[in-house]
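The values are calculated or read from the model by the stated rules, or taken from the named source; none is laboratory data. This is a predicted model, so every value here is computed, not measured. Heads up, the Cβs are rebuilt from the backbone with ideal geometry, glycines too, and the neighbour counts pull from every protein chain shown.
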Amino acid sequence: MELVFATSNQNKIKELQALLPKKIKLKSLANLQLDHIKLEETGSTFQENALQKAKAIYLKKGLPTFAEDSGLVVNSLDGAPGIYSARYAGEEATDQDNNKKLLESLKNKADRSAYFIAVIVLYDGQEAHCFEGRCNGYIAMEAKGNEGFGYDPIFVPENFKQSFAELGLEKKNKISHRALALEKFREFLERLR
């Protein structure tokens, strides 16, 4: 089965390819020479953003397309950074910039609970199918670890003492928000046969 993954984020492609069954052939925007396209994220929810991206690529190529939108939700910051996770410290912000701003925002907060959420939407031209995964945890006092990306160095998942960046990709892929959403997505794909 061939599916298009509507992203140019090489870290997400690598992470998802490792989680998908081998029989699924994943095509990225680069494979389709569409990696120059800036996919809009103007929705007010993760689901709206994922659907918007999947539809945009489907309309260009006519191939079943899935897109993912994910982010970090911090309870004491009224859900921030939320859908703005990738650009929390500004449009051109690096992961380090975003982490620094978040740690600064939490400086005087007792509640550091947070969760990562991932929403995958598959659009086939007629229907949209949605799959959600959440990973609860908290924001550490400082960044630790050098594996992963984004907020991984400061996010400690529930029942662990290490950040995602310390746990490593193999362990993260078993418990992450994206892994949980992808498991539901994979089960759906298996039922299509």
Output the residue which, of all residues in the stretch 80-115 that are within 19 Å of the chain's Cα centre (by Cα), of a type outside the set (V, I, T) and part of a loop (DSSP other than H, G, I, E, B), is surrounded by the most Cβ atoms within 10 Å (Cβ to Cβ). Y88
Exactly one of (1) closer than 25 Å to E40 by Cβ; (2) buried (at least 22 other Cβ atoms within 10 Å of the Cβ); (3) of a type in the set (D, E) is unmet by D152. Its number? (1)
Among what's in the stretch 1-52 and is surrounded by fewer than 17 Cβ atoms within 10 Å (Cβ to Cβ), farther than 16 Å from L182 by Cα and among the polar types (S, T, N, Q), pick the residue that is farthest from the chain's Cα centre (by Cα). Q33
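Across the stretch 116-133, which residue is farthest from E68 (Cα to Cα) among those that are among the aliphatic types (A, V, I, L, M) and under 14 Å from the mean Cα position of the chain (by Cα)?
I117
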Going by the conditions given, is K60 of a type in the set (D, E, K, R), loosely packed, with under 14 Cβ neighbours inside 10 Å and out of contact with any Cys (no Cβ under 6 Å at 6 or more places or on another chain)? no
Out of curiosity, is E147 closer than 21 Å to G168 by Cβ, part of a loop (DSSP other than H, G, I, E, B) and modelled with pLDDT of 95 or more? no
In the set N173, N136, the lone residue that is assigned to a strand (DSSP E or B), surrounded by fewer than 21 Cβ atoms within 10 Å (Cβ to Cβ), of a type outside the set (G, A, S) and touching a residue at least 12 places away in the same chain (Cβ under 8 Å) is N136
Hey, among the residues in the stretch 8-57 that are of a type in the set (V, I, T) and in a helix (DSSP H, G or I), which one's nearest to E190 (Cα to Cα)? I13
Return only the number of the condition from (1) surrounded by fewer than 21 Cβ atoms within 10 Å (Cβ to Cβ); (2) not in a loop (DSSP other than H, G, I, E, B) that A118 does not satisfy. (1)
